[in-house]
Structure formats: C-alpha cells, structure tokens
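**Student:** Next up is a structure, given as structure tokens.
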Amino acid sequence: MNRYHRFFRGLQVLLVGILFSSLLFIAPVHAVNSAAVSPETLNQVDTGLQQEIEKERQQATAEAERKLDREAIAAIEETKKAIAAIERGKTKEAIAALERATGKIDILVARYPELALIPVEAQVAIIDFAPQDLNLVERIRNQVKSAVNAEDFPAARELLNNLMSEIRTATVNLPLEKYPDATKQAARLLNEGKIDEAKGVLQLALSTLVVTEQARPLPLVKAHTNLATAVTLAEKDRDAAQRLLEDARAQLKLAQELGYARGDREYAVFDKAIKNLEQQVKARENTAGAFAKLQEQFSSFFNRVSEVVKPGDSSNRAEARSEE
Amino acid sequence: MNSTTLNRPNSQSQQEIEQERQKATNEAQSSLDQDAIAAIDETRKAITAIEQGKTQDALQALERATGKLDILLARYPDLALVPLSIQVTVIDLAPLDFDAVAEIRAAAKVAVDVDDFPTGRALLHNLTSEIRTSAVNLPLETYPDAMKEAARLLHQGQPDEARTELKLALSTLVVREQSRPIPLIFALANLAAATAIAEQDQDNTLKLLKEARTQLKLAKELGYASGDPEYKELERAIKDIERQVRAKERTEGPFAKLREKFSSFFNRVSRVNRPSHESQQTQSQQTANA
C-alpha cells in the first residue's frame, strides 16, 4: 500500500471532481464546488481537439438516444408505478400498471423476437484520467498487475481508473428474457393478495436491468484528429505535418497501452502506414491518396473498437433502481 | 436517496449501513479545516478578480489566502495534507454469492493478465462493497508557495501567468480515500446481535456467528486487506465461540474480547488511506433518460 501511496504522492497532481460511476451514489456532505476547479492538469488538449472530442461525445449521445426504446421505457415506468401503488396500499392501481407494463412488453417481444436486451437509458461521459506519458502508463500497468496478483482489488480498482481515457456510453437495458415473466408473476401474486411478495418480485425485476458499456478511446480520437490536420498541412508545412503524424503514432500506442483492443493486429498496420506517410512527407511525395486511404481505414478501425459492447458497471443499474 | 445498495434489500441491513455512513460522515466532517476551506475560497476569488481585471482585489484575496495558510502552517508544521472537503458514498455492488465472486475475481485476473484493462476495470468495480470517504486535501507543502508566486506575478503585471499559477494550485488538491468494507460492518453487527441472545437462543446465536464468518470471508474475497493474517485469527475465534455456545459454556468474556478485537481490525482496515484518481476530468455527462 505504501508503494502506491508514495507513487501517487510523487505525482503531485490533482484530484478534484467526481468519478463518473460514483456520481450515482454520492452523498455530498461538505464539498468544494468542484465544478469551479478546472482540472487543467495532465491531458491538456488544444481547442481544436476539444472540439473534436465534443463532436464525438455528441455523436455518441445521439446514437445512444436513437437506440432507446419508448415501449421498454414505458414498461419500466409502469413497473415503478406498480411498486409505488403497492406501497400506498392501492392494489388495483398496481394491477392496472402491471397490465400496462405487460402490454408494452408483449409488443416488445413481438417486435424483437431475437433480441435479448432493449435499451431504456443511456449515459455518455468523457472520462480522461490517463497520463500522456507512456512511462507513467507503464508504471501504473505494472502496479495494477501486482495489486491484482496480490488480490488487493480496491487498490487495483483505483489504479485501473487511472488508465481511462474514453468517451463512455453506459446503457441500461431491459432483459427481454426475464422481465416479462416477472411482471406476470407479480400480477399473479397481487391477485392472490401476496402484496409484499409482489413488490419483492418487481424490485428484483428492476435490479435485473442489465448495464452494457461502449468506450470510444480518446487517444484514437486524438490520433484521428492529428491525421486530419496533417493532411491539410502536408503540402504547406512539412515539419508540422510530421510532428502531427508522430503524435498520431504516439496516441495509437497510448490507446494500445491503456488496453483498448490491446491485441488488435491493426495497431501494427497503422503504425507502419503512418511511418510510411512520414517518409513520403519528408520526401515531398504526393500524399493525398495515401492519407485518404489511411484515414478511411483508421475510421473503420475506430468504429470497430468503439462498437464493442462490454458488460457494464452495475452502479448504473442501481441508479435505475434508486429512481423508484 | 443518498445511497443505494443492490444486494442487501432488508431494512435492518440498510439501517446498519446508514448508521456507519453517518459515523463516517461525522468523523470526516470533524477533520475538515475551516482555514483551509477559506484559503481555497480566497484563491477562487483571486482568479475571478483577475478575470475581471481587478488586480487590487486579487492581491487582497491572495493576502487573505496567504494569511490563512500561515495559520495552517503554524498549527500543523508536520502535516502534509489538510482536509477541506469530503464525500461519503455507499457503494455496494458485489454479489453475496461466493461462486459469483470467484467468477468475477477469476475473470478480472485474466482480463488484467491479457492487458484488457477496460474489461478488468468493469469486473473489479463489481467487487466493491464499501462505505467510501473521499477527502479533498490542501497540500501544505506546495500550495502556500503557489499563492506567493501568484502574488509576485500580479505585482509584476503578469495577470495571465498569475491566473494560471492559481488554477494549477487548485488542480494540485489531493484526494485521499478510505473504505469501510460493508461485509465487515455486517459481521460486526452479527456479533453484536449474537452477544445479545447468546444466553437465551442457542440456534439463532449459532446462525449469527456463522453469518459473521461468512461476511468475514466475503470481505477477504473482495480484496479488503485480503493478505491480513487477522482474518484467520478472527475466524478461529468465532469458531471457538460457536463451540462454546454449543457446549452451553459462559461466553460473555469471549464475546467481549472478540468484538473488541474485531472492532480494532475493522478500524485498522478502514483507516487505510488510498490515493484517488490521478486526474478526475469528467468533463461532461449527458443523460439520455427514460
């Protein structure tokens, strides 16, 4: 523990703000207004890059919103209404809410017979805690491994949080396989006068909402922005274009070191392609075609990496429940 | 709703967690330093004044900040960090089923082993069961110098540089976290309940003691001070009491001794200070809600 302690003391960097996942649980007692503290610390990015990141965030938000299903959202709302009605002792109201919920769910099952998860809520957040310095990243990686090997999971968790640099979309989904049965069972229990059991079943159903996550790695967004800027400068300012290409490779390496699609073979392909471009820029060759091809390939790689759906942090599910 | 727990729906458990959360909050609040808080407020005022072009106001704010910091330095010459804000959070996401915990542990190890840190992170997050106190601290070693440097820059007519210096100082506030493992809170509660009924209800006393051992094991499996040899000693002590209860021996003394030992273990584990995230730059959050 002291090792981690010393390590972080040595860094002398800040830490004010709110961890995305913890936001859902925070009970502030006496908090400094962290919004007023602009953490301009490790990852200073220029305005152009900030704009690109913001654009990407908006795109992620729009995509996430598009996927939300109104029927599924309504089914969850009706379930919450049923619980509230049970708590007020209004069984008939609860049964009516459950009938509406079941109706919505039946439509969903008919509409998506093959689909297991229906999105009902999404959160998009920019989380950029990772250092830019690859040596520092390497140290954190090693410390994570030591902590996990020693089964010091709390320390590993904290360390792993320092390897995040992503636009994260967390989606809460209704599981079509289990949820309909739960609402029907609750209705049956209510009809049998088993009020508490019905409430328990509904609360359990809400707790079975499944969280999935997608991450758009920020170093890849940065690399992509560098490539795009390098294209515009290749003819006029070779030095700047080369610096941008070099930085694009560094960002690519950073994404890999942070574990984003770490084993993907395309990392090596891009590294080589960018190196080739650097040579072509240096030799004053025409690079328009090569740039266009690389950008296209890179976009498709970025989309592929960003589309990966992982099981999420269940704190989002807790949020869904806490709204009850 | 201040806190949410997924896995322990019963209201008795909720009360125990709430009680401990309250305790953590009170303890953390009592450690806050008003002079440190005032120094931060004055720093912010100085930044605002610089942005409004009011150099004199900024200088006055910095003088007040420096004054507060001098008091702090005089009061705590040996202290590196002075707490100025806290957050207490209940995070209880870990499954209660040992098989499920083992599965997550194994999957997390594999993910970290193959450098798939995003997956490892998500998995390990699901092994959290704690009351977390996050304290934002003012670093006494570096903060006062930054105030003086900013004042010097202002005097030299370099307001932009002074503003940057102040913002950098604010970004060097250091967050430290402490975790009170929820399974240990439950184990303690079980021991207390067992003590109360040991003479009258043998069966339930044994059930409570067994549950205390289960919670102890869960805390260890979730990685809370998992290498601590005291886990074994406490487990053995609980088993000894179980045997004494079965033999209808007097257990008052052993219970008192065990609870004292357990409390001191819990306090020791909960007092461990961890550094928090290196740079929490949650820049924005968009909710597309139902």
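**Student:** Calculated from DSSP H runs of 4 or more alone, at -39500 (n - 2.57) each and per residue, what is the 222 nm mean residue ellipticity of the protein assembly as shown, nearest 500? Working shown, then result.
**Tutor:** On the way: 24 runs with 383 residues, N = 614.
For the protein assembly as shown, the value works out to -20500 deg cm²/dmol.
**Student:** A follow-up question, please. Among B:101, B:272, B:110, which one shows the biggest mean-square fluctuation in a GNM of chain B, springs joining Cα atoms closer than 10 Å?
**Tutor:** B:110
**Student:** Ok, one more. Rounded to the nearest Å, what's the spacing between the alpha carbon centres of the range A:69-106 and the range B:68-132? Just the number, please.
**Tutor:** 37
**Student:** For the range A:138-147, take each phi angle, set θ = phi - 60°, evaluate the Karplus expression 6.51 cos²θ - 1.76 cosθ + 1.60, and give the result in whole Hz per residue in order, putting x for glycine and proline.
**Tutor:** Running phi through 6.51 cos²θ - 1.76 cosθ + 1.60 with θ = phi - 60° gives 4, 5, 5, 4, 4, 5, 4, 4, 4, 5 Hz.
**Student:** With a point put 7 Å past each Cα toward its Cβ, work out how far residue A:250 is from residue A:67 in nm, to one decimal.
**Tutor:** Here the answer is 3.3 nm between the modelled labels.
**Student:** How big is the C-alpha Rg of the range B:194-241 next to the rule-of-thumb value 2.2 N^0.38 Å, as a ratio?
**Tutor:** On the way: Rg = 12.0 Å, N = 48, 2.2 N^0.38 = 9.6 Å.
Relative to the rule-of-thumb radius for its length, the range B:194-241 sits at 1.25.
**Student:** Can I ask one more? I'm checking a number: the convex hull volume of the Cα atoms of the protein assembly as shown, normalised per residue, in Å³. What is it? If you can, show how the numbers build up before the last one.
**Tutor:** Details: hull volume 109.6 nm³, N = 614.
Here the figure is 178 Å³ per residue.
**Student:** What shape does the range B:109-222 have by the C-alpha gyration tensor, where a ≥ b ≥ c are the square roots of the eigenvalues, rounded means a/c under 1.5, and otherwise prolate means a/b greater than b/c and oblate the rest?
**Tutor:** Values: a/c = 6.99, a/b = 2.32, b/c = 3.01.
It comes out oblate by the Cα gyration axes.
**Student:** Quote the FRET efficiency, to the nearest 0.05, computed for residue B:55 versus residue B:110 with a Förster distance R0 of 60 Å and r equal to the Cβ-Cβ distance.
**Tutor:** Details: r = 58 Å, r/R0 = 0.97.
About 0.55, to the nearest 0.05.
**Student:** Quick one: plug the Kirkwood hydrodynamic radius of the range A:51-125 (C-alpha pairs) into Stokes-Einstein at 20 °C, 1.002 mPa s, and report D in µm²/s. Intermediate results must be reported in sequence, preceding the final value.
**Tutor:** Working: Rh = 14.1 Å.
Estimated diffusion coefficient is 152 µm²/s.
**Student:** So, one more: Mind checking the alpha-carbon convex hull of the range B:47-176 and giving the volume per residue in Å³?
**Tutor:** Expressed per residue, the convex hull around the Cα atoms of the range B:47-176 is 160 Å³.
**Student:** Take the Cα gyration tensor of the range B:89-130, multiply each eigenvalue by 5, square-root it, and list the three semi-axes largest first, rounded to whole angstrom. Provide the component values of the computation, followed by the final result.
**Tutor:** Numbers: eigenvalues 71, 34, 5 Å².
The equivalent ellipsoid of the range B:89-130 has semi-axes of 19, 13, 5 Å.
**Student:** Continuing with the same structure: Please give every one of the lysines within straight-line cross-link reach of residue B:167, meaning a C-alpha to C-alpha distance under 20 Å, and leave out same-chain neighbours fewer than 8 residues apart.
**Tutor:** Here the lysines satisfying the reach criterion relative to residue B:167 are B:45, B:54, B:68, B:148.
**Student:** Quick one: in the range A:67-169, what % of C-alpha pairs are over 19 Å apart?
**Tutor:** Of all Cα-Cα distances in the range A:67-169, 64 percent exceed 19 Å.
**Student:** Which shape class, rounded, prolate or oblate, goes with the range A:129-236 when its Cα gyration tensor gives a ≥ b ≥ c as root eigenvalues, a/c under 1.5 marks rounded, and past that a/b bigger than b/c marks prolate?
**Tutor:** It is oblate, given that a/c is not under 1.5 and a/b is not larger than b/c.
**Student:** For residue A:211, enumerate residues with amide H under 5 Å from its amide H, sequence gap 5+ or separate chain, H modeled in the peptide plane.
**Tutor:** HN-HN under 5 Å from residue A:211: A:173, A:312.
**Student:** Tell me, what are the semi-axes, in whole angstrom and largest first, of the equivalent ellipsoid of chain B as set by the roots of 5 times the Cα gyration tensor eigenvalues? Don't skip to the end; give the middle numbers.
**Tutor:** Details: eigenvalues 452, 103, 50 Å².
Taking √(5λ) for each Cα gyration eigenvalue gives 48, 23, 16 Å.
**Student:** Quick one: with all protein chains in place, what share of the accessible area of the range A:170-255 is carbon or sulfur, to the nearest percent (1.4 Å probe)?
**Tutor:** Values: 1680 of 3520 Å².
Exposed carbon and sulfur together represent 48 percent of the surface.
**Student:** Also: Could you tell me the center-to-center distance, by alpha carbons, between the range A:138-160 and the range A:180-200 in angstrom?
**Tutor:** 44
**Student:** Next question. Taking 31 Å as the cut-off for C-alpha to C-alpha distance, list the pairs among A:272/A:310; A:253/B:217; A:67/A:275; A:67/A:194; A:199/B:207 that go past it.
**Tutor:** On the way: A:272/A:310 29 Å; A:253/B:217 41 Å; A:67/A:275 39 Å; A:67/A:194 37 Å; A:199/B:207 27 Å.
Violating the 31 Å Cα-Cα cut-off are A:253/B:217; A:67/A:275; A:67/A:194.
**Student:** Counting Lys and Arg as +1 and Asp and Glu as -1, each charge on the Cβ, what is the dipole of the range B:45-200 about the Cα centre in debye, to the nearest 20?
**Tutor:** Values: 15 positive and 21 negative charges, 120 e Å.
So the dipole magnitude of the range B:45-200 works out to roughly 580 debye.
**Student:** On to the next question. Based only on Cα atoms, what Rg/Rh ratio does the range B:39-120 have, Rh being taken as Kirkwood's radius?
**Tutor:** Ratio of gyration radius to Kirkwood radius: 1.36.
**Student:** How do A:52, A:197 rank by accessible surface area computed with a 1.4 Å probe, from largest to smallest? If you can, show how the numbers build up before the last one.
**Tutor:** On the way: A:52 60, A:197 100 Å².
Putting A:52, A:197 in descending order of accessible area: A:197, A:52.
**Student:** Let me ask something else. Would you mind classifying the range A:174-216 by shape? Square roots of the alpha carbon gyration tensor eigenvalues, ordered a ≥ b ≥ c; an a/c under 1.5 is rounded, otherwise it is prolate if a/b is larger than b/c and oblate if not. List each step's numbers first, then the result.
**Tutor:** Working: a/c = 6.73, a/b = 2.80, b/c = 2.40.
In terms of gyration-tensor shape, prolate.
**Student:** Amide H to amide H, which residues 5 or more places from residue A:237 or on other chains are under 5 Å from it, using H placed in the peptide plane?
**Tutor:** Amide H to amide H, under 5 Å and 5 or more residues apart or across chains, residue A:237 pairs with nothing.
**Student:** If you average 1/r over every pair of different alpha-carbon atoms in the range A:173-324 and take one over that average, what Kirkwood value in Å do you get?
**Tutor:** Details: mean 1/r = 0.0530 Å⁻¹.
In the range A:173-324 this quantity evaluates to 18.9 Å.
**Student:** Here is a further query. Name the residue farthest towards the positive end of the dipole of the range A:139-256 from the options A:171, A:182, A:142, assuming +1 on Cβ of Lys and Arg, -1 on Cβ of Asp and Glu, about the Cα centre.
**Tutor:** Of the options given, the answer is A:142.
The values are calculated or read from the model by the stated rules, or taken from the named source; none is laboratory data. Fair warning: this is a prediction, and the values are worked out from it, not measured in the lab. Using ideal geometry, Cβ is built from the backbone for each residue, glycine included, and neighbour counts are taken over all protein chains shown. Accessible surface areas use protein heavy atoms only, side chains included; no ligands, DNA or RNA. Shrake-Rupley method; radii C 1.70, N 1.55, O 1.52, S 1.80 Å.
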